[in-house]
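The structure appears below as structure tokens.
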Amino acid sequence: MVATTHRRWLLLPVRRLPSRQPMKTPVCIPIPTRNRARLPRCHLSRSSDPTPTSEAQATDSLRVAFACGGAGGHVYAAFALAEEVQASLPGSRSLFLGAPAPSLESATAASSSYPFAPVPPCLPRALLAAALHLYHFRPHVLVATGGPPALPSCLAALLLGLPFVIQDQDAGPAPATRLLAPLSRRVFLAFNAPVRLLPKRKCAVYGNPVRMSIRNRRMSKAAAMARFFPRAGLVEAEGMEVVLVLAGTVGSPQINVAVLNMYYEMLSRRKNRYIIWQTGPEDFCEMESLVRAHRRLFLTPFLHEMDMTYAATDVVVSRAGSVACTEILVTGKPAILVSYITSSYLLCNSICFLFMYL
């Protein structure tokens with residue numbers, strides 16, 4: 001009997017067959033060894049099989065889950081990372097975990113055609129919902145970019161034995177980042193300042209991700225102006241001064257009140273000056289009732305097409321959010337950053353970006 005490395009052989013006695021000549025030699029029945037369970041393989045490394053089947057491609061495709069919510073910086077950082085993953089690995093799949101609709105993350109996922117799974121605000125229910133979503137999706141890694149859904153999603157990943165990483169956008173780490181950093185695989189930061197408050201061996205400073213539409217914008221100022229001010233026309237578009245006011249995703253009462261007191265004078269002094277004013281959803285109704293209608297003023301609760309907005313803008317007045325500051329740096333627009341003494345992370349963001357400008 002020839003030995004083999006692929007099969008085990010078992011000798012079994014066989015009864016006489018209904019034939020004239022009895023079988024005297026034993027019958028060798030091959031029993032295949034039990035194969036190991038095939039684990040999903042990441043496509044970041046080349047496969048040894050040059051012609052994988054479609055089933056293997058579906059099994060081996062990279063699956064990434066993103067947990068984000070709350071402020072626009074958390075949400076847009078996650079979607080910027082998802083765009084990079086999709087561009088690098090077209091066969092990859094992404095799932096977003098966030099607050100139920102209506103929310104910024106659910107609306108952004110719907111417009112970007114990414115699958116979205118709601119996570120309720122209550123912590124026990126959020127933990128259960130996140131665990132069920134992760135169990136069915138089976139991601140290779142969970143990326144938490146901040147917000148209320150990030151904490152229960154990371155805890156659910158720990159219970160399921162899934163690796164997770166953290167991406168913190170601000171100059172001061174969030175309390176959830178400090179809590180989850182020792183349990184994460186890696187903590188990606190935008191600045192060097194938070195490293196001293198976190199486990200150094202897990203920290204990596206890479207900056208903040210920016211959406212491809214903002215980095216690769218090709219629209220002219222005249223075409224972008226026509227989107228916000230259709231009555232202005234395309235004549236003398238390059239001579240127009242456009243001021244962009246960003247009061248944040250939720251809204252900043254201090255910025256909105258300051259602009260309310262000076263917007264009419266700003267428009268009256270210069271006939272070629274235009275204002276794009278994002279108030280935030282919470283302050284929009286109040287500001288709309290107090291602002292006079294003006295053909296050179298565009299008032300909106302939120303701006304989704306930021307690539308078009310930056311193309312039309314000359315000067316930015318913005319709350320010192322980390323992702324907003326990063327987008328301003330990428331676009332190269334002159335800006336006035338507004339921070340508050342009571343908000344330490346906004347003050348740290350503005351100071352760090354000031355040194356980056358210098």
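How would Thr309, Thr145 line up from fewest to most surrounding beta-carbon atoms within 10 angstrom?
Ranking Thr309, Thr145 by Cβ neighbours within 10 Å, fewest first, gives Thr309, Thr145.
Sticking with the crude label model, points 7 Å out along Cα→Cβ, report the distance from Thr300 to Ala258 in nm, one decimal please.
2.3
Hey, any idea what Rg/Rh is for segment 61-209, computing Rh the Kirkwood way over Cα pairs?
My calculation puts Rg/Rh at 0.93.
By count of other Cβ within 10 Å, fewest leading, how are Met262, Met240, Met219 ordered?
Met262, Met219, Met240
Using 7 Å Cα-to-Cβ label points, what is the Arg218/Cys285 separation (nm, one decimal)?
It is 4.2 nm.
Alpha carbon centre of segment 134-194 versus segment 63-83: separation in Å?
Each part reduced to its Cα centre gives a spacing of 12 Å.
Compute the length gained on full extension between Leu160 and Ala204: take 0.36 nm times their separation in residues and subtract their Cα-Cα distance, giving the result in nm to one decimal.
Gain on extension, Leu160 to Ala204, equals 13.3 nm.
Suppose every K and R has +1 on its Cβ and every D and E has -1 on its Cβ; what is the size of the dipole of segment 219-328 about the Cα centre, in Debye to the nearest 20?
440
Would you order Ile214, Ile276, Ile166 from fewest to most other beta-carbon atoms within 10 Å of each residue's own beta-carbon?
Ile214, Ile276, Ile166
At q = 0.14, 0.17, 0.20 Å⁻¹, what is the log10 ratio I(q)/I(0) for segment 134-286, with the Debye formula run over Cα points and no solvent?
For the requested q values the scattering log ratios are -0.88, -1.01, -1.17.
A short reminder: the numbers here are calculations on the coordinates, not readings from a lab. As the structure is a computational prediction, the values presented were derived from the model and not from experiment. Backbone-built Cβ (ideal geometry, glycine too); neighbour counts: all protein chains shown.
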